[in-house]
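The structure appears right after this line, and notes come after that.
Every number here is computed from the coordinates shown, using simple stated rules; none is lab data. Keep in mind that this is a model prediction, so the values were computed, not measured. Every residue, glycine as well, gets a Cβ built from its backbone with ideal geometry; the counts of neighbours run over all protein chains shown.
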Amino acid sequence: TESWPNKCMNATHAGEIGYLFLDPSEVLPTIFGYGALTPAEEKLALQMANSWAALARFGDPNAAGVLDFEWPLYQSAKPTMLALRTPAELAPFPLAEFCDRWDAIKPWIGPYPPGALAA
């Protein structure tokens, strides 16, 4: 949030949780020191929560219809990302070259055969 006192930390693990529950001052106050959301951050929070829910329910984050643009599937030929700032926007993905490294190790980590991870 704009009121975040620890701006030097930038984006952090679990930093989105307060936005997804629409009230970071209640969800993560002691960990990150969040304040209340500004109107622009409230819009971002609603976009995030609804897009995440649409992805889980329909497999498509655009199904919620809350973004001001179409969030495309990732394509290695044109690597873009959803930049979670106010306003949310599509941006070039600056670390795309690191994704190729995962392709190199994928045989070592999966895919797992059906039922291999079942308890």
Taking neighbour Cβ counts within 10 Å as the exposure measure, how do I105, I17 sort from fewest upward? I105, I17
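Using Cβ contacts closer than 10 Å as the measure, can you line up L82, L73 from fewest to most? Don't jump to the answer; show the numbers that get you there.
On the way: L82 18, L73 6.
If I rank by nearby Cβ atoms, fewest first, I get L73, L82.
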Write down the radius of gyration of region 16-104 and its Dmax, each obtained from C-alpha positions, in Å. 14.9, 43
Note: D60 to T38 extended length (0.36 nm per residue) minus current alpha-carbon separation gives 5.2 nm
D103 versus D68, label points 7 Å from Cα toward the beta carbon: distance in nm? 3.4
